[in-house]
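Okay, so here's the structure we're looking at.
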Amino acid sequence: MDWSGIKVLIIDDEADQASLNTLGKRHKLSPTYKQLLDMRDTFPHHAYLQYTATPQAPLLVAINDVLSPDFVRVINPGSGYVGGPDYFEQTNRRLVRVIDESDLEMADDPNGGPPESLLDSFRLFIVGCAAVLTQSEPTTRSMLIHPSRVTAPHATFVRWIRRRAEFWLTALRDEEYKAGIRAEFLTSWTDLRSTDPDLPSFEECWAAIRFVLRGLQVVEMNAREGASTPVIEWDNTRAYVLVGGQALDRGFTVEGLAVTYMPRGPGVWNADSIQQRARFFGYKRSFLGQCRVFLDPQLRDAFENYVEHERHMLDSLTAIQNGSESLKDWERQFYLDPAMKATRQSVISIPMIKVEAGQRWIYDPAPISNQKAGEVATAALEHFLETTELEPSQFEHLQGVISVQRALELLESLPNLAESKLPNIRGLKLQLAKLADNDSEQIRLFYLRPKEKTERTVTAGNTVQPFQGASKNYPGDRSLTDPDRITLQIHKFAVRTSREAVPFAEMVVPAFWIPERLAGGWLLEEGGA
């Protein structure tokens with residue numbers, strides 16, 4: 001059939017998953033990628049639309065790859081959507097609980113009893129379901145237990161949950177145990193009430209708990225021995241507990257997900273994979289106060305880091321959408337915790353470099369290029385100092401406090417730094433720009449040895465060492481930091497090609513130390529400006 005005259009719209013849902021060429025580094029075409037190329041060739045008049053919540057991988061394929069996007073549209077969710085900031089911003093931490101080490105060890109022991117945090121999470125879920133049953137039109141609520149990628153531990157969690165539900169049902173009929181069970185559920189009700197003031201009274205919830213337990217369905221989601229993943233009929237009951245791993249990572253919608261229990265680490269720390277594991281995101285604003293997430297501490301940290309990563313990425317893409325530059329011209333840069341990767345390495349075909357901005361001195365060690373550049377830098381420093389309030393410090397230095405924005409302005413005024421391609425400087429400027437929006441963050445400034453005329457020699461590696469070392473009477477420049485703030489040291493000296501040579505220029509070197517609480521990492525396109 002001749003398709004040459006047909007206009008076709010190709011929509012690639014979850015476009016970061018299977019379509020990209022995973023064999024590019026071996027100079028081959030992966031099967032799905034090849035099929036997609038063939039399909040596009042079949043329809044010469046087509047528009048190809050990539051749709052995904054995790055665009056890291058499509059953004060990191062080479063610009064000349066046919067799947068490299070030409071434009072971007074950021075689709076914002078509706079007001080009812082709950083995402084990372086709703087759980088992991090400082091003000092919302094009450095919804096997230098960290099599973100302690102002893103419980104993580106118990107979760108790995110199929111022969112022992114259930115971790116207490118698992119029982120806590122299950123009680124919270126049952127109380128939330130009971131609250132729903134008191135409504136005139138109850139809806140389905142679900143709990144997700146996500147133990148690991150391998151399926152063997154899943155049966156253990158299914159057994160623990162089913163036995164606990166049976167125990168509670170039996171205890172509710174036994175006056176000897178009923179009072180103790182009631183006290184436990186009252187604690188859970190109080191917990192939920194702290195974040196949902198509209199929660200029905202405890203007596204109403206308590207009366208409905210037995211009905212929740214009777215109708216509860218516990219389903220192991222990951223297939224075993226070749227069986228297919230179970231299909232959930234959400235209308236069959238009002239309370240589901242799903243136990244699963246990889247089958248629930250991507251594209252699976254868990255209806256009414258209220259409580260999540262994940263005693264597993266972040267794995268390979270791929271940012272896009274971590275986001276896909278967040279089944280607890282979704283349209284649940286109406287019952288957010290009844291939601292809880294129990295996480296391995298490392299996974300909690302990974303989600304917190306992902307929130308910052310995603311915020312910066314979407315801000316950049318929104319700016320491109322609004323016309324700041326084209327997507328093809330955009331120099332790829334991602335805020336990324338040093339422990340994280342943006343996506344799986346097999347699909348990245350743009351040369352990238354990781355930079356850590358923090359917990360070390362960051363400066364450009366390259367010597368000034370010529371006398372003229374040195375004069376421009378000196379004039380820029382003098383202008384900066386004229387508008388900066390400084391006071392005497394130890395060891396005949398000067399010190400003061402400035403805003404992050406002023407530090408950025410100084411960097412941009414120095415000719416060797418304004419257009420620097422050095423990854424450390426690019427990462428530093430991005431990190432400072434990220435912090436500049438927070439007016440409460442300030443920088444401790446040290447202007448070192450302003451009264452001395454010092455000289456430095458260019459090394460054999462064509463670098464300049466700005467720091468003066470320690471001595472009996474001086475701790476050394478590198479020790480001068482503020483533990484609570486970013487520290488900026490300004491070094492000014494004459495630079496020479498050898499100890500015997502006459503200095504050929506004045507050089508200004510700003511050196512930054514970023515404390516751990518403000519440190520960050522960046523994934524930068526290699527060779528960018």
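Can you tell me the orientation of helix 116-133 relative to the chain, as the angle in degrees between its alpha-carbon axis and the longest Cα principal axis, to the nearest 10?
That works out to roughly 60 degrees.
Below 8 Å, C-alpha to C-alpha, sequence gap of six or more: please give me the relative contact order for the range 100-262 in percent.
On the way: 225 pairs, mean separation 63.6, N = 163.
Rounded, it is 39 percent for the range 100-262.
Of (1) 1.75; (2) 1.33; (3) 1.07, which is the value of Rg/Rh (Cα atoms, Kirkwood Rh) derived from the coordinates here?
(3)
Which whole-number percentage describes the relative contact order of the chain, with Cα contacts under 8 Å and a sequence gap of 6 or more?
Relative contact order, the chain: 16 percent.
So what's the angle, to the nearest 10 degrees on a 0 to 90 scale, between helix 202-215 and the longest Cα principal axis of the chain?
70 degrees
Assign one of three labels to the range 1-87, namely rounded, prolate or oblate, based on the Cα gyration tensor with a ≥ b ≥ c the square roots of its eigenvalues; rounded applies when a/c is under 1.5, prolate when it is not and a/b is larger than b/c, and oblate otherwise.
Oblate, because a/c is 1.5 or more while a/b does not exceed b/c.
Report, in degrees rounded to the nearest 10, the 0 to 90 angle that the Cα long axis of helix 423-435 makes with the longest principal axis of the chain.
Approximately 60 degrees, to the nearest ten.
Which percent, to the nearest 5, of DSSP beta bridges fully inside the chain are antiparallel? It would help to have the intermediate numbers written out before the result.
Working: 31 of 67 bridges.
Roughly 45 percent of the beta bridges in the chain run antiparallel, per DSSP.
For the range 477-528, which trypsin sites (Lys or Arg not before Pro) are both in a DSSP coil and crowded by at most 11 other Cβ atoms within 10 Å?
Answer by residue number: Arg499.
Quick check: the distance between the Cα centres of the range 1-79 and the range 402-456, to the nearest angstrom?
Distance between centres, Cα-based: 41 Å.
What order do you get for His383, His27, His45, His312 when you list them from fewest to most C-beta neighbours inside 10 Å?
The most exposed by this proxy come first: His27, His45, His383, His312.
Can you give the FRET efficiency for Tyr177 and Thr387, using 1/(1 + (r/R0)^6), R0 = 60 Å, r = Cβ-Cβ distance, to the nearest 0.05?
0.25
Are there GluC sites (Glu not before Pro) in the range 164-233 that DSSP puts in a loop and that have at most 14 other Cβ atoms within 10 Å, and which ones? Mind showing how you got there, number by number?
Numbers: sites: Glu166, Glu175, Glu176, Glu184, Glu203, Glu204, Glu220, Glu225, Glu233; in loops: Glu225, Glu233.
Counting only loop positions with at most 14 other Cβ atoms within 10 Å, the GluC sites (Glu not before Pro) in the range 164-233 are Glu225, Glu233.
Readers should treat all values here as calculations from the given coordinates under stated rules, not as data from a laboratory. Remember, predicted model here, so these are calculated numbers, not experimental data. Note that we place each Cβ from the backbone using ideal geometry, even for glycine, and neighbour counts take in every protein chain shown.
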